[in-house]
Amino acid sequence: MNLRILLGVSLVVALLSAQAAPFVDAMRGPTPITATTEPPRLGNQINDDKQLQRNYSQQPPVIPHRIDGYQVDKNFNKCLDCHAREKTAFSQAIPVSATHYVDRSGKVLDRISTRRYFCKQCHVAQENVPPLVGNGFRGDAADAAAVPKK
């Protein structure tokens, strides 16, 4: 039998058997991957304004307060109402890092760099929920000790 025909028949058999037993993902439960599911409702974000310790020196700090409804787009950044360097004396918020004022060529700018403007690319709010999967990550103690204290 021609090798191409044999491979083609094998592929068809594999695809048909896969349809009989749908693929499932343990995080979705018994719902097949091809089916639509209802996402779980999110609870209340952690809103205690406590600065959490970082696990490694380059870890972006997490957001310790609610941010739902914050507008962050090309026209406006709600985060900068409090975290812009010129507003922190009044707001008592932690100022945006000086690294956010440097463009990709290393030039220091008088405004936030466009590559650092969308805060939620790196910084995330916290939910008080159990982890979905186990995680044994432990940051290097020497690295965590190098994290600047604010």
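Values in this text are rule-based calculations from the coordinates and carry no lab data. The model shown is predicted, which means the values in this text are computed figures rather than measured ones. Every residue, glycine among them, receives a Cβ derived from its backbone with ideal geometry; neighbour counts consider all protein chains shown.
Using the crude model of +1 on Lys and Arg Cβ and -1 on Asp and Glu Cβ, and no other charge, please compute the dipole size for the range 58-150 relative to its Cα centre, in debye to 20.
With Lys and Arg at +1 and Asp and Glu at -1, about 220 debye.
For the range 33-41, take each phi angle, set θ = phi - 60°, evaluate the Karplus expression 6.51 cos²θ - 1.76 cosθ + 1.60, and give the result in whole Hz per residue in order, putting x for glycine and proline.
My calculation for the range 33-41 gives 4, 6, 8, 7, 10, 8, x, x, 6 Hz in order.
Using helices alone, I'd like the mean residue ellipticity at 222 nm for the chain: each DSSP H run of four-plus residues gives -39500 (n - 2.57), total over residue count, nearest 500.
Calculated at 222 nm, the ellipticity per residue is -5500 deg cm²/dmol.
By average Cβ neighbour count within 10 Å, what is the ranking of 130-136, 59-65 from highest down?
59-65, 130-136
Select one label from (i) 47; (ii) 23; (iii) 29: the one whose number is percent of Cα pairs over 28 Å apart as derived from the coordinates shown.
(i)
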